[in-house]
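Here is the structure we will look at, set down as structure tokens.
The values are calculated or read from the model by the stated rules, or taken from the named source; none is laboratory data. Predicted model only: the values in this text are computed from it and were never measured. Glycine also receives a Cβ, built like all others from the backbone with ideal geometry; neighbour counts cover every protein chain displayed.
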Amino acid sequence: MTQTLATRSRLKIYKSSPELYDAMMTLSTSAAKDVEPELAELIKIRASQINHCAFCLDMHTRDARKQGVAEQKLDVLAAWAEAGDLFSERERAALALTEAITELGHGGVSDEVYDRAAAAFSDRELGQVIAMAVTINAWNRINAAVQTPPPRR
């Protein structure tokens, strides 16, 4: 009897391709340098929300709480642009850039979004924020492709 797509088990990609996991971890570590841990978690969560990656959402909301990100920020992160001054200018600039990188098919990264981020961050920091957004998008896409579920707690 053949399994249907709904019941077929997906590839355990990190077991079959451990070098992929190692490379992604190296990229993640490099991208995180010089990005405040709280901001890094907001970037990861927002991209994961857009990409519907349950595994990454579960992981990074827990990590954000450990980093001391306010519950209210986590509660309204999907609507950060409408949250007034709850988010700092650096956070708003990073979140706008993250959304633009995540949703490239919606016109790419506009000059307005890029310039806002460039004004909020040093060149080094801006490069790291871009790398952080790119990296979490890669993780999201890998986990979505193989349907990695969040662990049961």
Would you check if there is a residue in the range 18-33 being more than 24 Å from T148 (Cα to Cα), within 18 Å of the chain's Cα centre (by Cα) and not aromatic (F, W, Y)?
yes
State yes or no: is D75 farther than 21 Å from Q147 by Cβ, at pLDDT 95 or above and in contact with a helix residue (DSSP H, G or I) (Cβ under 9 Å, 6 or more places away or on another chain)?
no
Within the range 141-150, is even one residue within 16 Å of L39 (Cα to Cα) and of a type in the set (A, V, I, L, M, F, W, C)?
no
Write out, first by first residue and then by second, each pair whose Cβ atoms fall under 6 Å of each other, whose residues are 6+ apart or on separate chains, and whose first residue, in the range 137-153, is under 16 Å from R62 (Cβ atoms) while the second is of a type in the set (F, W, Y) and in a helix (DSSP H, G or I).
N143/F55; T148/F55; P150/F55
Hand me the list of helices (runs of 4 or more DSSP H) wholly inside the range 1-85 holding 2 or more residues that are in contact (Cβ under 8 Å) with a residue 60 or more places away in the chain, in contact with a Leu (Cβ under 9 Å, 6 or more places away or on another chain) and surrounded by 12 or more Cβ atoms within 10 Å (Cβ to Cβ).
37-51
Filter the range 121-153 for residues that are touching a Cys at 6+ places or on another chain (Cβ under 9 Å) and outside any helix (DSSP H, G or I) and give the result.
T148, P150
